[in-house]
Amino acid sequence: MVRVAIGQLTSTASMAHNLQQVKFLVMSAVQAGARALFLPEASDYVASSAEESVRLVKSVRESEFVKGLCAEARREALPLHVGIHEPGDSPGKIKNTLLWINEDGQITQRYQKIHLFDVDIKDGPVLKESNSVEPGTKILPPFDTAVGKVGSAICFDLRFPEISLALRRQGADILTFPSAFTVPTGRAHWEVLLRARAIETQSYVIAAAQVGRHNEKRVSYGHSMIVDPWGRVLAELGGGEDATEEDSPALATAEIDLDLVAKVRREVPLRRRTDVYPEI
Ligand SMILES: O=C(O)CNC(=O)[C@H](CS)NC(=O)CCC(=O)C(=O)O
C-alpha cells in the first residue's frame with residue numbers, strides 16, 4: 001500500500017500566485033505521507049482568452065513555475081504530476097502538456113493532450129481550445145513510478161474511452177486525468193466518466209482538478225477525485241456551485257493497493273471479443 005495525494009487549486013493568470021498555491025500543496029502532501037502528488041491541468045496558469053494564454057506561455061527552462069516545482073520535488077523527494085502549457089511548434093500556438101517530475105526534480109515524462117475541448121453549448125460554456133492549442137499526436141506509454149504504473153491523459157481526453165483502454169492495454173495500473181472541467185459539464189458527467197473509466201479498465205483513476213473562479217469568464221467544477229478499480233470513490237474534494245475557500249487550495253489522499261488491481265482483474269476477467277469488434 002502506498003499513499004498518493006491529489007491537489008486542487010484555482011490557477012489565475014499569475015504564475016507566481018499559482019506557484020505559491022502549489023508549494024502549499026506540496027507541503028501538505030509531504031505532511032500527509034504521500035509518495036506522489038497529482039496536480040490539475042493548467043496548474044501554471046488559466047488565462048481569460050486564447051491571446052492571453054499564448055502571451056503567458058514559457059518554455060519549461062524559462063518557466064519560474066516549472067523551475068519552482070522541480071526545486072520542490074527535489075527538496076522534498078516527492079514526485080509531481082502536473083499540467084502546464086508549453087510553446088507550440090507553430091507561432092501563436094501552445095501545447096497543453098502533462099509533466100512527470102521525479103523525486104530528483106527531473107522532468108522524465110511528457111504528454112501532450114490529444115483531444116481538444118471545442119464546444120458551443122446553448123446557455124453554457126463556449127470554448128474553442130484549438131484557437132490556441134496544438135493537439136498532441138501520441139499516447140505516452142505508461143511509466144513506472146513508486147506508486148504504480150501510470151498512464152496519463154488530460155481533461156477532455158476522459159470522454160474518449162479509447163485512450164484509457166489503450167493505456168490499460170499497455171500496462172497501466174493507474175489512469176490520471178488532470179482537469180479543468182466546466183461547472184455544467186462537470187455536474188452532468190465528471191463523476192460518471194471517472195468511475196466508468198476506472199471500472200472498465202479495472203484501474204485506479206486519479207483526477208486532480210481546477211476549482212472555482214479563475215477570472216471574470218472562467219469557473220471550474222473541482223471535485224478532484226481518486227477512484228479505485230472497483231469504481232469506489234476513495235477521496236473527493238469540494239467544488240461546483242457550493243465551492244468555498246476551503247476548496248482551494250485543498251488536498252486529499254488515498255491508498256493505492258496494486259493487489260486490489262490484480263484481484264479485480266482476476267475475479268472479473270474482461271476477455272474482449274476482438275473476433276466480433278475491432279481491438280482498440
Ligand atoms: O485553458 C487552459 O489553460 C486549460 N485547459 C482547459 O481548461 C481545457 C480546455 S478549454 N478544459 C477542458 O478540456 C474541459 C473539459 C470539460 O469541461 C468537459 O469535457 O466537459
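The values are calculated or read from the model by the stated rules, or taken from the named source; none is laboratory data. Note that the structure is a prediction, hence the values are computed from the model and not measured. Here the Cβ positions follow ideal geometry from the backbone for every residue, glycine too, while neighbour counts run over all protein chains shown. All accessible areas refer to the heavy atoms of the entire protein, side chains included, with ligands and DNA or RNA removed. Shrake-Rupley method; radii C 1.70, N 1.55, O 1.52, S 1.80 Å.
Filter the range 141-164 down to residues that are part of a loop (DSSP other than H, G, I, E, B) and open to solvent by 20 Å² or more (accessible area, probe 1.4 Å) and give me whichever is farthest from the ligand (Cβ to nearest atom).
That would be 146.
Please work out which residue is least open to solvent (accessible area, probe 1.4 Å), limiting yourself to the range 116-137 and to residues that are among the acidic types (Asp, Glu) and more than 10 Å from the ligand (Cβ to nearest atom).
Result: 134.
For residue 20, work out the one condition from (1) part of a loop (DSSP other than H, G, I, E, B); (2) open to solvent by 40 Å² or more (accessible area, probe 1.4 Å); (3) not hydroxyl-bearing (Ser, Thr, Tyr) it doesn't fulfil.
(1)
Would you pick out the residues in the range 242-266 that are in contact (Cβ under 8 Å) with a residue 40 or more places away in the chain, in a helix (DSSP H, G or I) and under 20 Å from residue 213 (Cβ atoms)?
Within the range 242-266, 247 is the sole residue that qualifies.
For residue 188, only one of the following conditions fails: (1) in a loop (DSSP other than H, G, I, E, B); (2) near the ligand (Cβ under 10 Å from one of its atoms). What is its number?
(1)
Taking the range 100-115 as the search range and keeping residues that are within 24 Å of residue 145 (Cα to Cα) and within 12 Å of the ligand (Cβ to nearest atom), which one is most open to solvent (accessible area, probe 1.4 Å)?
In this case the residue turns out to be 114.
Scan 213, 195 and give me the residue that is touching a Ser or Thr at 6+ places or on another chain (Cβ under 9 Å) and in contact (Cβ under 8 Å) with a residue 24 or more places away in the chain.
213
Can you tell me which residue in the range 59-71 is farthest from the ligand (Cβ to nearest atom), limited to those that are in contact (Cβ under 8 Å) with a residue 40 or more places away in the chain and not in a helix (DSSP H, G or I)?
Here the answer is 60.
Looking at residue 97, is it open to solvent by less than 20 Å² (accessible area, probe 1.4 Å) and hydroxyl-bearing (Ser, Thr, Tyr)?
Against the criterion (open to solvent by less than 20 Å² (accessible area, probe 1.4 Å) and hydroxyl-bearing (Ser, Thr, Tyr)), residue 97 qualifies.
Considering only residues that are small (Gly, Ala, Ser) and closer than 27 Å to residue 77 by Cβ, which ones fall in the range 135-189?
146, 148, 151, 152, 153, 171, 172, 179
Identify the single condition in (1) farther than 27 Å from residue 147 by Cα; (2) crowded, with 19+ Cβ neighbours inside 10 Å that residue 7 does not satisfy, given that it satisfies every other one.
Of everything listed in (1) farther than 27 Å from residue 147 by Cα; (2) crowded, with 19+ Cβ neighbours inside 10 Å, residue 7 misses just condition (1).
Just checking, how many residues over the range 23-37 are touching a Pro at 6+ places or on another chain (Cβ under 7 Å) and crowded, with 17+ Cβ neighbours inside 10 Å?
2
Tell me, yes or no, whether the range 72-87 has at least one residue that is at pLDDT 95 or above, within 16 Å of the ligand (Cβ to nearest atom) and over 23 Å from residue 250 (Cα atoms).
yes
Given the criterion within 20 Å of residue 209 (Cα to Cα), open to solvent by less than 20 Å² (accessible area, probe 1.4 Å), out of contact with any Pro (no Cβ under 9 Å at 6 or more places or on another chain) and within 11 Å of the ligand (Cβ to nearest atom), identify the matching residue among 43, 48, 53.
Answer to the selection: 53.
Would you confirm whether any residue within the range 169-178 is closer than 27 Å to residue 110 by Cβ, among the polar types (S, T, N, Q), open to solvent by 80 Å² or more (accessible area, probe 1.4 Å) and not in a helix (DSSP H, G or I)?
Yes, the range 169-178 contains at least one residue that is closer than 27 Å to residue 110 by Cβ, among the polar types (S, T, N, Q), open to solvent by 80 Å² or more (accessible area, probe 1.4 Å) and not in a helix (DSSP H, G or I).
Go through (1) of a type in the set (A, V, I, L, M, F, W, C); (2) within 15 Å of the ligand (Cβ to nearest atom); (3) open to solvent by 10 Å² or more (accessible area, probe 1.4 Å) for residue 208 and report which single condition fails.
For residue 208, the exception is condition (3).
Every residue in the range 231-280 that is among the hydroxyl-bearing types (Ser, Thr, Tyr) and open to solvent by less than 50 Å² (accessible area, probe 1.4 Å), please.
Result: 248, 253.
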